[in-house]
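These notes are about the structure you will find just below.
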Amino acid sequence: MREFRSIRDFVRYLETLQPKVEVAAQLGLHEGGRMIQEEAQHEIGHYQTAAGPFAAWAPLADTTLNGYTDQHGHHHPGKIEMGFSPPDNPLLRTHELQEHIELSAQRNRVIVGVPDEVVGDGTPENPTRNIGLVAELMEFGDREMPARSFLGRAAFVKAEAAARAVGHAIYLAMIGKPHRPASAHYDRDIPF
């Protein structure tokens, strides 16, 4: 255990920790954000159970799977007709939504989300669309489609692990050890 000759020495020591703790907190935030990003990416294409305030994902509609013909006689092919294999994989079509879940780390915060960006090559199989609006529709649903939260749900599911990553990084900085990413076994290193 470190000993100090005076309160003044102890205060000086604490002052030296502040920049180290700030850097460590940012590293921990980035690590926690990465956990949430990876969870959100993993959720795409797999039915999710309810978690906290987020409802379980509803099965894909028959029209989504098998297509439909609208009132004007225009046929809209379903995932089966379009050759998706397996066709019953919610939110997974071209992998663009999954690939566009981004992590932005800034001072004292991390943002995990999908940017407003036009994607697709314009073909019927991959039309152009704003992937950010697609993510918003999937996350919140609308009158015709149920919400299939993948960002909020991922944040809820990984909240404790992300918070522990921040705590772990700060703890290491305070005891003078270099940052190392949290793992399944780091709990024994943190005395709280």
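Only the coordinates and a few stated rules stand behind these numbers; no lab work does. Since the model is a prediction, treat every value here as computed from it, not as a measurement. Quick reminder, even Gly has a Cβ in these numbers, built from the backbone with ideal geometry, and neighbours come from all protein chains shown.
At a glance:
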{"read-out": "The chain: relative contact order in percent, alpha carbon pairs under 8 Å with at least 6 residues between", "value": "29 percent"}
{"read-out": "Loop-resident sites, region 82-172, for chymotrypsin sites (Phe, Trp or Tyr not before Pro), counting at most 11 other Cβ within 10 Å (DSSP)", "value": "none"}
{"read-out": "Sum of -39500 (n - 2.57) over DSSP H runs of 4+, divided by residues of the chain (222 nm, nearest 500)", "value": "-14000 deg cm²/dmol"}
{"read-out": "Met174-Leu103 FRET efficiency (beta carbon distance; Förster radius 30 Å; 0.05 resolution)", "value": "0.70"}
{"read-out": "Straight-distance crosslink candidates among lysines, where the alpha carbon sits under 28 Å from Lys158 and sequence neighbours closer than 8 are dropped", "value": "Lys20, Lys177"}
{"read-out": "Exposure rule at most 11 other beta-carbon atoms within 10 Å, DSSP loop GluC sites (Glu not before Pro): the chain longest free segment", "value": "4-143"}
{"read-out": "Table column - 3J(HN,Hα) (Hz), region 91-102, Karplus curve with 6.51, -1.76, 1.60, x for Gly and Pro", "value": "6, 10, 10, 10, 6, 5, 5, 4, 6, 9, 6, 10"}
{"read-out": "Of (1) 15.0, 43; (2) 22.8, 87; (3) 16.6, 50, the label for Rg and Dmax of the Cα atoms in Å derived from the coordinates", "value": "(2)"}
